[in-house]
Amino acid sequence: AQTVTQSQPEMSVQEAETVTLSCTYDTSESDYYLFWYKQPPSRQMILVIRQEAYKQQNATENRFSVNFQKAAKSFSLKISDSQLGDAAMYFCAYRSLTNAGKSTFGDGTTLTVKP
Amino acid sequence: GAGVSQSPSNKVTEKGKDVELRCDPISGHTALYWYRQSLGQGLEFLIYFQGNSAPDKSGLPSDRFSAERTGGSVSTLTIQRTQQEDSAVYLCASSPSAVGYEQYFGPGTRLTVT
């Protein structure tokens, strides 16, 4: 069974600065998908970025980028030029291609952005 | 287009009562998922539908929980004889298919069992 670990329950960043959220996972599969979701207080889960494991290039989406280290099973999220609207809970998620019915989520990291 | 919708947004019920939670997925999405999120926690998988069938029910915590999906669209999660530990946010998500696509989430139903 896959597991996803987010070792930082809470993180804080100053507005306009950069912050990195950590995620590690455990799997015996060679191909899979990884995602970062954002959940603001409204509860609405929003996809931030996705990474296919077969791609070596790290995904980038505007101010959001990932550092995907497949051998180390690490998938960190970097938020550049942090904005007040980035404040939310962030979840890392693993999605298998063989057991595609479900995603395994980490416990989340609460990000606070200070003005 | 319209996103995933869930109703009710909030539900308060007495211990021992049955509740039904509804999910309307994005039109055309064949895959549908239910998750449970306890306060400040991550998401716990409950059940997955592909069309009207449920290939994976492994996450349902007890036989008090059941779910169905009709017409490949709307899904209902039913909790019988609710217990206080059932209090949580229940999230529904849909996906164009089970493989490779991200899941689009609804706003959730906050269930409080008193």
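Bear in mind that the values in this text are calculations on the coordinates, not laboratory data. Quantities reported herein were computed from a predicted structural model and do not represent experimental measurements. Cβ: placed from backbone, ideal geometry, glycine included. Neighbour counts: every protein chain shown.
A few notes on this one:
- Converting the Cα gyration tensor eigenvalues of the protein assembly as shown into ellipsoid dimensions via √(5λ) gives semi-axes, longest first, of 29, 21, 16 Å.
- Residue exposure sequence - A:F75, A:F68, A:F105 - by fewest surrounding Cβ within 10 Å: A:F68, A:F105, A:F75
- Global form of the stretch A:24-63, assessed from the alpha-carbon gyration tensor, a/c cut-off 1.5: oblate
- Calculated diffusion of chain A, Stokes-Einstein form, Kirkwood radius summed over Cα pairs, 25 °C and 0.890 mPa s, µm²/s: 173
- Tally of Lys pairs whose C-alpha atoms are under 17 Å apart, taken over the protein assembly as shown, 8 or more apart or cross-chain: 6
- Legend: translational diffusion of chain B by Stokes-Einstein, Rh = Kirkwood radius over C-alpha pairs, 25 °C, 0.890 mPa s; D = 176 µm²/s.
- Each of A:K38, A:K73 was scored by other Cβ atoms within 10 Å of its Cβ. Arranged with the fewest first, they read A:K73, A:K38.
- Order of A:I46, A:I79 - criterion: other Cβ atoms within 10 Å of each residue's Cβ, fewest first: A:I46, A:I79
- Most fluctuating residue given options B:L39, B:L21, B:L91, as computed from a GNM of chain B linking Cα atoms under 10 Å: B:L39
- Among the residues of B:106-113, the average count of other protein chain beta-carbon atoms within 10 Å of the residue beta-carbon is 2.
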